[in-house]
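The values are calculated or read from the model by the stated rules, or taken from the named source; none is laboratory data. Bear in mind that the values here come from a model prediction, so they are computed numbers and not experimental data. Counting neighbours? That spans all protein chains shown, and the Cβs are built from the backbone with ideal geometry, glycine included. The protein model used for the area step is the full one, side chains on, heavy atoms only, and it has no ligands, DNA or RNA in it. Shrake-Rupley method; radii C 1.70, N 1.55, O 1.52, S 1.80 Å.
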Amino acid sequence: MNEGLLPLPASPDPWEQDEAALTRRYRKLLAWYPRDHRARHEEEMIGVLLAGAHPGQRHPGLGDTADLAKGALHIRLQRAFGPTRAADWQRASLIAGVIGLVLQATVGLGAMAQWAIVSRVEDSDPALMWTFTSALALFPLIVIGAMRTNRRWLVAGLAWTLLAAEQAVTFTVMGTYLIPAPEMIGPNDPLLQWPTVLSAATAISLTLAKEPWHSLKSLRWSRITPVLGGLIAYGTWVVFFGHIPVGVLYDELNPQLFATALAAGLALRSATGRRALLFLSPALVSLMYFAFFGDFNPPIDLLTIVGLIALAVTASRFRRARGDQTGEVGDTGPGTTGRRA
Amino acid sequence: MQEPTFLILTALASGPQHGYAIITEVTGISAGRVKLRAGTLYAALDRLQTEGLIAEDREEIVDGRVRRYYRLTGEGATRLATEAERLRRNAAEAVARLRTGYAGGTA
């Protein structure tokens with residue numbers, strides 16, 4: 001009957017069409033996942049998703065879509081910060097607290113050095129200023145010493161006391177209010193000054209850090225020492241060689257920005273460092289904000305730019321290396337495998 | 001240890017399984033109470049591999065797609081055994097107290 005007629009083109013199997021459409025849409029959803037995870041698991045996940053699909057299904061269900069979004073977010077967070085175990089975060093909060101205290105001590109040392117010069121040219125109460133600046137330098141070290149007791153609430157209480165004392169003295173000495181008048185809100189608001197934010201971030205971090213002394217002993221110090229060493233070297237430099245500001249305690253910002261950018265760059269190289277950086281990020285944001293927009297500060301200079309470039313370069317190295325899952329560098333505490341955290 | 005993690009490790013305790021088999025095993029073990037989806041499963045597998053509790057066992061190609069099998073590691077077996085023992089002790093204690101207290105009170 002069909003002799004002489006061209007054969008009809010085979011019509012595509014509707015089931016195959018459905019599966020192809022569904023596969024294509026699942027691939028779009030899997031684009032949310034990190035590249036290395038997609039390369040390794042995309043076909044496998046599509047196989048699992050198709051195995052659970054209904055006959056004739058052409059679109060991913062809402063449940064699967066939400067679940068894939070949640071899974072992609074979890075994996076990205078795991079890539080950035082390591083496993084979500086509480087112990088890892090508590091260890092990172094302790095590192096953030098220690099770094100915060102060391103930074104606070106350097107701020108205090110800087111303030112003492114500045115006051116030594118300012119007191120010669122300004123008519124202020126020297127006893128009050130010496131007490132204030134030396135307390136700024138010494139109290140953070142006392143908090144570090146208190147860690148030997150291994151009492152979390154004592155350490156956290158001292159850190160909060162430091163924050164409260166700084167605020168009280170700032171009010172007394174600088175004559176500004178903790179809750180500023182509307183015209184003071186902005187870069188000059190004392191609450192936005194980065195030492196205050198740093199002090200608050202440190203206190204919060206130490207509140208979250210369990211068993212501070214035991215945790216400190218379990219840390220891999222060879223990885224943390226360069227960051228702390230850099231900060232202490234900076235503090236020493238401020239004391240002996242820092243240039244002199246014009247009557248404000250906290251305007252030595254650009255070297256601080258440089259040191260902080262370098263320390264942040266080093267921290268970005270490990271999962272524990274990234275977790276610790278997250279705890280200190282309010283202080284970092286505040287520092288950047290104040291450095292760029294504060295009325296007290298000189299314009300951005302070469303040192304600032306170099307620091308920011310160092311941060312950017314290190315961050316880009318981290319992004320390139322992310323695919324090969326560089327190893328944990330922050331801790332060796334119980335439960336860690338040493339593979340990646 | 002969260003319940004989905006416990007159930008995934010339990011599913012792998014009797015031998016290596018591929019992704020979809022883990023999902024069906026978990027549904028079976030939990031009597032249909034826990035139904036894993038692909039996103040949750042692979043986030044958990046990623047984390048468990050990172051922690052060294054599971055490892056990739058082998059691959060097969062089925063219908064042109066890779067099917068990867070996962071197995072429990074020694075560390076994973078230890079963690080699962082520890083958690084199972086903890087749950088067993090808690091459950092035994094709960095049952096014992098119910099027998100002596102609640103059953104006695106209602107007698």
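With labels modelled as points extended 7 Å from the Cα through the Cβ direction, what inter-label distance (nm, one decimal) is found for B:Asp63 paired with A:Leu141?
Here the answer is 7.0 nm between the modelled labels.
Which whole-Hz couplings ³J(HN,Hα) result when phi for each residue of region A:139-144 is put into the Karplus expression 6.51 cos²θ - 1.76 cosθ + 1.60, θ = phi - 60°, listed in order with x for Gly and Pro?
Listing the rounded values in order: 4, x, 5, 5, 4, 4 Hz.
I'd like the distance separating the alpha-carbon centroids of region B:31-107 and region A:36-61, in whole Å.
Region B:31-107 and region A:36-61 have Cα centres separated by 24 Å.
A:Asn150's amide H: which non-local residues (gap 5+, or another chain) put their own amide H closer than 5 Å, with H modeled 1.01 Å from N in plane and none for Pro or chain starts?
A:Trp213
Among B:66-76, A:203-213, how do they line up by average Cβ neighbours within 10 Å per residue, starting with the highest?
Highest-to-lowest ranking by the protection proxy: A:203-213, B:66-76.
Rounded to the nearest 0.05, what FRET efficiency do A:His54 and B:Ala31 have when you use their Cβ-Cβ distance and R0 = 25 Å?
Working: r = 23 Å, r/R0 = 0.91.
Given R0 = 25 Å and the Cβ-Cβ separation, E is 0.65.
Please list the non-local residues whose amide H lies under 5 Å from the amide H of B:Tyr70, H modeled 1.01 Å from N, same-chain partners needing a gap of 5 or more.
So B:Tyr70 has HN proximity to B:Gln17, B:His18, B:Asp57.
List the residues of region B:19-47 whose backbone N lies under 16 Å from a point placed 7 Å from the Cα of B:Arg71 along the Cα-to-Cβ direction.
Under 16 Å, as judged by backbone N against the label point of B:Arg71, lie B:19 of region B:19-47.
What FRET efficiency would be calculated for the residue pair B:Leu98, A:Ser134, taking the C-beta separation as r and a Förster radius of 51 Å, to the nearest 0.05?
Using R0 = 51 Å, I get an efficiency of 0.20.
Accessible area per residue, 1.4 Å probe, Å², for chain B: what's the number?
54 Å²
Could you give the alpha-carbon Rg of region B:3-102 over 2.2 N^0.38 Å, rounded to two decimals?
Ratio of Cα Rg to 2.2 N^0.38 Å: 1.26.
Taking H placed 1.01 Å from N in the peptide plane, check which residues at least 5 places from B:Ile54 or on another chain put their amide H under 5 Å from its amide H.
B:Gln49, B:Thr73
Roughly how big is the A-B contact, given as buried accessible area in Å² (both sides, 1.4 Å probe, nearest 100)? Each step should come with its number before you reach the end.
Working: alone 18380 and 6920 Å², together 23040 Å².
It comes to approximately 2300 Å² buried between A and B.
Which peptide among A:95-102, A:41-48, B:8-15 comes first, and what is the full order, when sorted by highest mean count of other Cβ atoms within 10 Å?
A:95-102, A:41-48, B:8-15
Per DSSP H run of at least 4 residues, take -39500 (n - 2.57); add these up for chain B, divide by its residues and hand me the 222 nm value, nearest 500 deg cm²/dmol.
Roughly -18500 deg cm²/dmol at 222 nm, from the helical runs in chain B.
Pop a pseudo-label 7 angstrom from the Cα along the beta-carbon direction at both A:Ala127 and A:Ser218 and give the gap in nm to one decimal.
4.9 nm
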